[in-house]
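Beneath this line is the structure, given in structure tokens, with notes to follow.
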Amino acid sequence: MPTIYVDKEELFEYLGNQFNTEAFRELCFEFGIELEEDTSEKGELAEGERAQLKIDIPANRYDLLCIEGLTRALGVFLGRDSIKHYHVTPTSNPHRITVAKECSQIRPLIVGAILRNVQLDAARYKSFIDLQDKLNQNLGHQRKLVSIGTHDLDTVQGPFTYEAVKPEDLKFVPLSQTEEMDGHRIMEFYGKDSKIKHFLHIIEDSPVYPVVYDANRTVMSLPPLINSDHSKISLDTKNIFIEITATDMTKVNMVLNILVTMFSQHCKEPFTVEPVEVVYPDGKSFVYPDFETKTITTSASYLNGIVGIDKSNSEIVELLHKMSLEAKIEQDSIVVTLPLTRPDMLQECDIAEDLAIAFGYNRIPRVQNNEATVGAPLPINKLTDIVRREMAMASWTEVLTLSLCAHDDIFKFLRREDKGDEVVVLSNPETQENQICRSLLLPGLLKTVRENKRYPVPIKVFEVSDVVNKDPSTERGVRNRRHACALYASDEARFEIIQGLLDTVMESLGFTHCNKQQDRGYYLEEADVPMYLPGRSAKVMLNENGNTVELGTIGIVHPEVLFNYELKMPISTFEINIEPFL
Amino acid sequence: MSEELKLNILSKLDSDGTIEDTSATFKGVSEEAVLGALKSLESQEKVKYKTLTTEIWTLEAEGKDQLESGSYEVRIFNAVPAGSDGITISELEAKFGKVAKLGQGKCLANKWLKKDGDKLVRTVESVTDKVQADLATVNSTSTHPSKDTLKDLKRRKLIKVTKLLSYSVSKGANFSTTLKKQATDLTMEMLQSGSWKTEEFKKFNFDSLGINPSGGHLHPLLKVREEFRQVFFETGFEEMDTSNFVESSFWNFDALFVPQQHAARDLQDTFFLKDPKLVKSLPDFWERVKNVHENGGYGSIGYRYPWSEEESKRLVLRTHTTAISSQMLHKLAQHPYRPAKYFSIDRVYRNEAVDATHLAEFHQVEGVIADKNMSLGSLIAFLDMFFKKMGMSNLRFKPTYNPYTEPSMEIFSYHEGLGKWLEIGNSGMFRPEMLRSLGLEDGVKVAGFGLSLERPTMFKYDISNIRELLGHKVDLGMIATTPACRLDKKMGQEALQKA
């Protein structure tokens, strides 16, 4: 969720000085944004420092990412301001950007617009830069999809070209630098820049880099990395040339429209934008910004039904107006014009949410739904609870360990070999602890004992949880399995104690100890399980009417395994799959 | 022996009424023996006693030396000849060693001697040895009338104190001169012989703890899960099968109408799989999903970007159980419409930095209600009822954004103890782009809500670090001592803050 800082005094003044911090916090809550902090509440402000409000904005509300947009939306919501309309200045001969065919190799799209006679001051300048950062980050997906370049139009000469050239063939002085650099030097130089280094990968491996030139072959920007120092904007800039490059047409239009609708507020003729024409190699040309408005047709019955209120057409139109949505009634329908500032609205459910906000979420009448449905537990969870309770009643303590672990936990430390058919491997773990999904519960239990050495022996713990196994027979190639694992750690291994617990659990599930030949029951079959001490190691087998299933293993943990887990006391354990009891 | 001492005490009390000081009456009997006898008699209420403390002062080795040969300062004074010639300090030190240093300091402090260059000369003609006299008093009487003197001598490590405990004794409520053995417990033998009728039982100490039954214990997080499950069952929810930690991006994101460039699908937010890497195939309705992302439909203009099948096939560790809810809704859509309620409580994964409140895995509680009459109003009414069963009766709702629900509401509860609103969950109405692609007919509305299981558990049980709740760093003692989970009662911080 993006966070913005706005000047408290400026905002409160705009809202008619009717709010204090607490009342504004409530307004935010109602409107669906969140006042995180008022910097003047934290303590004394420094000399000359102005109080800032730190506000969390929902990720879809690009129109609220700067003070210009926030005041506009809240002003209309509170009935203090009118809904703004935005215009493209009629221009017979607009500035033009011609796109070279090489751009399609790396970053094919560009749009542009011009803000004329802008009055900037330090605060507005900062707001403009901050908004570009936010848009580059969110909608632009860290500049990958979209990145913005803004220039002082009076320092450059149209018509402009958007080209893709070899790194060694471009030369310019980047923003706030003095050294002239080529493409290779730029990569080297900004590889050390804490901010820009994160964007280098977008073009680094391309044979050609995207560049915006003016008519005099002056480099204006190297998207998506850096603008040139030559065309930079200052507080004295009057006319702003905006170029935005992209790989995604929908998003680049959103970004351009947000940027110009927000900042045309500071033009001499507010809310007007001068268009820029873009000509592609195939001869097709487009004029930006695209201010063609869309409408959504909905109805009172739909909207009332979603929100749970009963409002007439005209009441709904009035409520939507609070959200800066202009709607008109056409017979049984309500036709809503989507503002240029709200590209997040895709269909009528989006209108319904705004209606609910305008009405007030907390004023919606509460109506109980009386549709009867039948509750039911999942069989495997019911079975799990039986096993958990049996173990706890038998004086074992339940633990709940992590399902991600290190590769060594399952293999090397347990003296087991990875044959490649058992565990699921993650591609992007942050730590060694998250390399794989566990296929056994035992490592988690051993680690729990290791972390609880301060307690007197015996330590008796168990867990009944899911493990994850590869399984080529499934769609995903993977499946969970519900395992039960228990261990007994004390001065002596005492196989018979952990076996006693297994007997109890089996009996509770209706299976008594039997010999191999019997029809129903369970038995142990000596087996060489590497994680157990030879000779104290067996498979747990289930016999059910002639069908034999291997449930898991039981044994005394191999001393090398104990050593690997930094354990000094003998441990006996069993781990079984309980799904056959379903 | 101890019986004899007890009888002696009783007969002494019988004849004298009280014993003023056991150390005088029972000379030569050890303190411990006397105390043992008195405790035993007191437990039978035959006697009452009070503890007396006597200080016994004795001389240390240096004290004994100074009693015999005079204090160091007097010895030094005497070694200085009368008159102005005096004696050099080095001469004194050669003669007296350590004593010279200690003695001359005291002499100077007492103004008996003064320094004259490297010499010491007398300033008075004669001195009396008070220290020696005091030591004599302590030696003969084991104490001294002046407390300050005792303190001073002790400071100079000339004397030491030992504390002698003795007792004054009087008759108790059950005083008699005879002893009867008291029983400590009711035994089978007493029942058989009938002796329990005449047996005298030893007084019981009700202030001591019982013996720990050393039974087993359930994990606190799962105790809370049990309570949540009960509430779901009470309100008619069916439990979903969530036994798939690994999910395709299709079910985890695309089917929920989360666009493929959404930040949640970045490597730094979601765990992707290396082996296996891709799901084998997509469900048969995948083109509906592709189409609604690319071109819209069902009344939506869609996201209008090129949708990638390959991206959709990438396997992930599910980031929410909504990945399962969507599969349940898809199944529900295969049959004629009926209202349905589903829930699950299971693990989900986020590729996040681990800290006191975040782990790479945690448990999500999720509920889904499919109903043609569902509205925000009925969702709010349901959540009111649901959370009331957990002792949270004051709720309010904040508009929020989720990519797959619209309208969306964050759920807040007012916490009286902390005096503020706490976010307890998230909720909303699933978007038609998602529901219709899953095959649900137009007009079927589906509400969903979710919260983490760890957060209320940490709150209810006053656990501040999630690593001490989930995972191997748990304290087994904590598991054994956490109370039962009763969500409708004040627990942990709530109960504390309320008091």
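The values are calculated or read from the model by the stated rules, or taken from the named source; none is laboratory data. The shown structure was predicted, so the numbers you read here are calculated from the model rather than taken from an experiment. Because the Cβ atoms are built from the backbone with ideal geometry, glycine has one as well, and the counts that use them run over all protein chains shown. Each accessible area value is taken on the protein alone, full model and side chains, heavy atoms only, with ligands, DNA and RNA left out. Shrake-Rupley method; radii C 1.70, N 1.55, O 1.52, S 1.80 Å.
Here A:Phe291 and A:Thr39 are evaluated by their C-beta separation; at R0 = 35 Å the FRET efficiency comes out at 0.40. Considering only Cα atoms, the convex hull volume of region A:254-325 works out to 146 Å³ per residue. State the percent of C-alpha pairs, over all pairs in region A:155-293, separated by a distance greater than 19 angstrom. Taking all Cα-Cα pairs of region A:155-293, the fraction more than 19 Å apart is 57 percent. The mean sequence distance of close C-alpha pairs (under 8 Å, at least 6 residues apart), as a share of the length of chain B, puts its relative contact order at 13 percent. Mean Kyte-Doolittle of at least -1.0 and a Cα length of 20 Å or more along the axis: which whole DSSP H helices of chain B meet both? Long hydrophobic helices here: B:2-16, B:220-234. Considering only Cα atoms, the convex hull volume of region A:358-427 works out to 301 Å³ per residue.
Using the Cα coordinates of region B:410-493, the gyration tensor eigenvalues translate into equivalent-ellipsoid semi-axes of 35, 17, 11 Å, sorted from longest to shortest. Calculation over all alpha carbon pairs of region A:452-582 in 5 angstrom steps from 0 returns a P(r) of 2, 10, 18, 21, 19, 15, 10, 4, 1, 0 percent.
Shown here is the pair-distance distribution of the protein assembly as shown: with all Cα-Cα distances grouped in 20 Å bins from zero up to the longest one, the shares run 10, 28, 25, 17, 13, 7, 0 percent. A Förster radius of 51 Å, combined with the Cβ-Cβ distance separating B:Ala356 from A:Thr512, puts the computed FRET efficiency at roughly 0.60.
If you take the Cα centroid of region B:26-85 and the Cα centroid of region B:135-206, the two points sit 21 Å apart. Taken as Cα centroids, region A:225-242 and region A:291-316 sit 43 Å apart, rounded to the nearest whole angstrom.
What translational diffusion coefficient, in µm²/s and rounded to a whole number, does the Stokes-Einstein relation yield for chain A at 4 °C and a viscosity of 1.567 mPa s, taking the hydrodynamic radius as the Kirkwood radius over Cα pairs? Translational D for this selection: 43 µm²/s. Take each residue in A:421-428, count the other chain C-beta atoms within 10 Å of its C-beta, and the mean is 6. Counting only Cβ charges, +1 for Lys and Arg and -1 for Asp and Glu, the dipole size of chain A around its Cα centre is about 640 debye.
Between B:Glu42 and B:Arg486, the modelled label-to-label distance comes to 3.9 nm, taking each label 7 Å out from Cα in the direction of the beta carbon.
Since only B:Ser176, A:Phe511, A:Gln18 are under comparison, the one whose Cα sits farthest along the positive direction of the charge dipole of the protein assembly as shown, derived from C-beta charges on Lys, Arg, Asp and Glu, is B:Ser176. Calculated [222 nm] ellipticity per residue, helices only, for chain A: -7500 deg cm²/dmol; basis is -39500 (n - 2.57) per DSSP H run with n ≥ 4, divided by all residues, nearest 500.
Working from label points 7 Å from Cα in the Cα-to-Cβ sense, the B:Asp152 to B:Asp269 distance is 8.3 nm.
Ranking of A:Lys171, B:Lys12 by solvent-accessible surface, largest first: A:Lys171, B:Lys12 (1.4 Å probe, protein heavy atoms only, all chains present).
Take every Cα pair under 8 Å whose residues are at least 6 apart in sequence, average their separation, divide by the length of region A:171-245, and the relative contact order is 29 percent. With the convex hull constructed from alpha-carbon coordinates only, region B:300-433 shows a mean projected area of 10.9 nm² over all directions.
Of the residues A:Leu378, A:Tyr302, A:Leu338, the one whose Cα sits farthest towards the positive end of the charge dipole of region A:256-389 is A:Leu378 (charges of +1 on Lys and Arg Cβ, -1 on Asp and Glu Cβ, taken about the Cα centre). Output the Kirkwood hydrodynamic radius of region B:205-353, Cα pairs only, in Å rounded to one decimal. Taking every pair of different Cα atoms in region B:205-353, averaging 1/r and inverting gives 18.2 Å.
Using the alpha carbons alone, the radius of gyration of region A:368-486 stands to its Kirkwood radius in an Rg to Rh ratio of 1.07. Could you tell me the calculated FRET efficiency between B:Asp207 and A:Ile497, based on Cβ-Cβ distance and R0 = 45 angstrom, to the nearest 0.05? So, using R0 = 45 Å, E works out to roughly 0.80.
Cα centroids of region A:480-539 and region B:373-401: 48 Å apart.
In a simple Cβ point-charge model (Lys, Arg +1; Asp, Glu -1; nothing else charged), region A:148-250 has a dipole of about 140 debye relative to its Cα centre. Stokes-Einstein, applied to the Kirkwood radius of region B:137-290 over Cα pairs at a viscosity of 1.306 mPa s and 10 °C, places its translational diffusion at 58 µm² s⁻¹. One compactness figure for chain B is 1.87, namely its Cα radius of gyration divided by 2.2 N^0.38 Å. Can you bin region A:30-132 into rounded, prolate or oblate? Criterion: square roots of the alpha carbon gyration tensor eigenvalues sorted a ≥ b ≥ c, rounded for a/c under 1.5, prolate for a/b above b/c, oblate for the rest. Cα axes put region A:30-132 in the prolate bin.
Averaged over the residues of A:470-483, the number of partner chain Cβ atoms lying within 10 Å of the residue Cβ comes to 4. Length, then width, then depth: along the principal axes, the Cα atoms of region A:463-520 run 43, 36, 18 Å. An ellipsoid equivalent to region A:111-197, defined through the eigenvalues of its Cα gyration tensor, has semi-axes of 24, 18, 15 Å when rounded to whole angstrom and sorted largest first. Set the Cα radius of gyration of region A:308-432 against 2.2 N^0.38 Å, with N its number of residues, and you get 2.03.
DSSP finds beta bridges in chain A, and of those with both partners inside it, around 90 percent are antiparallel.
Shielding of peptide A:247-257 by partners, expressed as the average count of other chain Cβ atoms within 10 Å per residue Cβ, is 2.
Sites listed here are trypsin sites (Lys or Arg not before Pro) in region A:498-537 whose DSSP assignment is loop and whose Cβ has at most 15 other Cβ atoms within 10 Å: A:Lys516. When all protein chains stay in place and ligands, DNA and RNA are ignored, the 1.4 Å accessible-area order of B:Ser378, B:Ser393, largest first, is B:Ser393, B:Ser378.
Taking the charge dipole of the protein assembly as shown about its Cα centre, with +1 at Lys and Arg Cβ atoms and -1 at Asp and Glu Cβ atoms, the residue from A:Asn547, B:Ser300, B:Ala381 reaching farthest to the positive side is A:Asn547. Extending 7 Å from Cα along the Cβ direction at A:Ala123 and again at A:Arg389 yields two label points whose distance is 6.6 nm.
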